[in-house]
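What follows is a single structure, written as structure tokens, with notes after it.
The values are calculated or read from the model by the stated rules, or taken from the named source; none is laboratory data. On a predicted model such as this, the values are computed, not experimentally measured, just so you know. All Cβ positions, even for glycine, are placed from backbone atoms using ideal geometry, and neighbour counts span all protein chains on display.
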Amino acid sequence: CSSDLEVVRRNIFALFLIESIFVIFPILGGYTFILIQIIGVPLVYICFLLAIHKMNILIDIGHPAHVHLFRNLYFDLKKNGHELLVTIKDNIKSAKELLDYYQIPYISIGSKSDNLISKAINQIKYDFKISKIVRENNVEIGIGTSINLAHVSKITSMKSIVLDDDDD
């Protein structure tokens, strides 16, 4: 579609502008570096891929607010023919209710725990379960706030987009 390619061209142009600002105004380096990470080469590359062929995409939900954050993206990508998978931890009841409400199918990958040793063990289990999902479904991009996506992207061919939602 020519409109998709036009979006890619605009994103690439925005990248060049941001990189120019980064070079010309080093005092804004911190802010521009963040912008480059947000609108930079990986995102331009992903926009280009999304415009060219249909992809298998995983969205990892870690909090009820993430359902609201990603639901429009989910439906837009679905409408454009992409295959989407959504993962969630079992004990995020309100997020599961929201996914059910919006009729978004999801895969449970286990439950969270409170003690430190269990958290470490569960982290390994989450990584294993997500990597299994990625391999079985040939997932090309993982999107979410979980560090699991970064771990899995290191051991599979999946690219990860990890958003930080820390309050600090």
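Quick notes on this one:
- Top-ranked residue in the range 112-124 [being of a type in the set (S, T, N, Q) and under 15 Å from residue 60 (Cβ atoms); ranked as surrounded by the fewest Cβ atoms within 10 Å (Cβ to Cβ)]: 123
- Residue satisfying condition, being surrounded by 11 or more Cβ atoms within 10 Å (Cβ to Cβ) and either within 15 Å of residue 70 (Cα to Cα) or of a type outside the set (Asp, Glu) (or both), within set 127, 164, 90, 100: 100
- One residue alone among 54, 78 is within 30 Å of residue 100 (Cβ to Cβ), in contact with a His (Cβ under 8 Å, 6 or more places away or on another chain), basic (Lys, Arg) and modelled with pLDDT of 70 or more, and that residue is 54.
- Test: residue in the range 128-141 that is in contact with a Ser or Thr (Cβ under 7 Å, 6 or more places away or on another chain) and at pLDDT below 85: no
- Where a residue in the range 116-141 is in a helix (DSSP H, G or I) and its partner, wherever it lies, is modelled with pLDDT under 95 and of a type in the set (D, E, K, R), with Cβ under 8 Å and at least six apart: 119/112; 122/112; 126/89; 130/60; 137/83
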